[in-house]
Amino acid sequence: MLYTVYVHTGDADHAHGVTFPDFPGCFAAADRWDDLPAAIQEAVQAHFCGEPESVPAPTPLEQLAGDARFQGGGWLLAEVDLNRIDARPVRLNISLPAHLVQRIDAWASAHHMTRSGLLGQASLQAMAGPAAER
């Protein structure tokens, strides 16, 4: 979903700061313009932390443009993936060889984890690795 954010442009000594008019108390920052989208997504996820039902609808830019609180920077329409805020577990059915499930369970137990926790963590690591770039 597109949200209007206000960017306080940084310089050689200061990061670009992002204010979220629709999310009071939510802020993001990045040294480079290219890093702003990820910083914005991360800030929104942390701000709402598993409470997607409390995310308000976006305010139209026309209503925000004249607000005196926002000066010295510029407006940006930022894409926010609200699905990444929803941390509710989802039950799924997968099929794996029995010997692999036994190894997964043994490793998870030895490391004080659940099967779901291990598979989730392994998935995140796999998607962040070099193969994810292909």
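One table, with the values for the structure above:
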| quantity | calculated |
| --- | --- |
| Qualifying residue in region 23-32 (condition: under 13 Å from the mean Cα position of the chain (by Cα) and not aromatic (Phe, Trp, Tyr)) | yes |
| Selection from region 13-32 of residues that are in a loop (DSSP other than H, G, I, E, B) and surrounded by fewer than 15 Cβ atoms within 10 Å (Cβ to Cβ) | ASP13, PRO24, GLY25, ASP31, ARG32 |
| Tabulated pairs, region 54-78, first under 21 Å from PRO37 (Cβ atoms), second surrounded by 10 or more Cβ atoms within 10 Å (Cβ to Cβ) and among the acidic types (Asp, Glu), C-beta under 7 angstrom, 6+ apart or interchain | PRO56/ASP22; PRO58/ASP22; THR59/ASP22 |
| Any pair with Cβ under 9 angstrom, 6 or more apart, that starts in region 10-36 at a residue that is farther than 26 Å from GLU62 by Cβ and ends at one that is assigned to a strand (DSSP E or B) and small (Gly, Ala, Ser) | GLY10/GLY17; GLY10/ALA29; GLY10/ALA30; HIS14/ALA29; ALA15/ALA29; ALA15/ALA30; ALA29/GLY17; ALA30/GLY17 |
| The listed residue being closer than 26 Å to GLY50 by Cβ and at pLDDT 90 or above, out of ALA132, ALA128, ALA98, ALA108 | ALA108 |
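The values are calculated or read from the model by the stated rules, or taken from the named source; none is laboratory data. Remember, it's a predicted structure, so these values are computed and weren't measured experimentally. Note: ideal-geometry Cβ built from the backbone for every residue, glycine included; neighbour counts use all protein chains shown.
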